[in-house]
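Bear in mind that the values in this text are calculations on the coordinates, not laboratory data. This one's a predicted model, so the numbers in the text were calculated from it and none came from an experiment. Heads up, the Cβs are rebuilt from the backbone with ideal geometry, glycines too, and the neighbour counts pull from every protein chain shown.
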Amino acid sequence: MQEVSLKPKILILHGWGGSDFPHWQSWLASELAKAGYPVYFPQLPFMHTPRKKAWLESLEQIIESFKPNRIVCHSLGNMLWFWYAKKYPDKLFEKVLLVAPPARSTNIKAIDTFFPYPKAATLAHNALFVASTNDKYMSVDEAKQLQKELGCEMKIIENAGHLNSDAGYGAWPFAYEWITA
């Protein structure tokens with residue numbers, strides 16, 4: 001008889017260009033797997049030249065087959081999540097962690113199909129939005145405005161850049177503790 005895991009299934013959605021080691025999302029996926037959590041950290045199609053339609057179709061297939069309970073998003077992965085929420089407003093997940101989303105609009109051609117993104121939603125019983133005081137992609141004022149729209153808790157970290165490996169976020173125990181609690 002096959003043993004069934006009682007731990008929640010966790011889906012991790014990377015941003016533009018992926019989140020390979022030493023990024024905290026790679027670290028998180030590894031730590032979750034070591035602890036016996038069913039975790040899926042897919043490489044979304046065309047990660048260096050992402051298109052909203054391809055990423056959204058991929059996410060729909062992943063959610064349908066993996067059936068996650070909890071979601072972790074970073075950067076452009078948040079925009080993908082907001083587009084998914086617009087299309088499936090009645091879906092609901094246990095927890096969603098939204099880390100360092102970009103501002104509502106951009107002039108970056110490589111990712112322009114995601115912008116401007118729709119009204120943001122978490123689709124979660126429990127959600128947390130994490131921002132930085134010096135993220136080059138979203139100001140603190142924009143983060144506070146988005147947090148009001150999301151209606152969830154927010155954690156602002158001092159001088160954490162874009163909360164990626166360039167900003168020193170490799171191992172990030174906070175993310176592990178929050179998503180597994």
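Observations on the model:
- Charged side chains reduced to their Cβ positions (Lys and Arg at +1, Asp and Glu at -1) give the chain a dipole of some 420 debye around its Cα centre.
- Base-10 log of normalised Debye intensity for the chain (one unit scatterer per alpha-carbon) at q = 0.12, 0.17 Å⁻¹: -0.50, -1.08
- Highest-MSF residue in the chain out of P68, P116, P50 [GNM, Cα springs under 10 Å]: P116
- Its DSSP H runs of at least 4 residues, each contributing -39,500 (n - 2.57), put the calculated 222 nm mean residue ellipticity of the chain at -9500 deg cm²/dmol, to the nearest 500.
- Selection from M79, V99, A127 lying farthest towards where the dipole of the chain points positive, charges on Cβ: M79
- Springs between Cα atoms under 10 Å define the GNM used for the chain, and in it the highest mean-square fluctuation of K34, K144, K95 occurs at K34.
- Using equal-weight Cα scatterers in the Debye expression, the normalised intensity of region 10-92 in log10 at q = 0.15, 0.22, 0.23 Å⁻¹ is -0.50, -1.08, -1.17.
- Shape category assigned to region 69-141 from the gyration tensor of Cα positions, a/c cut at 1.5: oblate
- Within the shell of other residues whose beta carbon sits under 15 angstrom from the beta carbon of E149, the net charge comes to +2, with Lys and Arg scored +1 and Asp and Glu -1.
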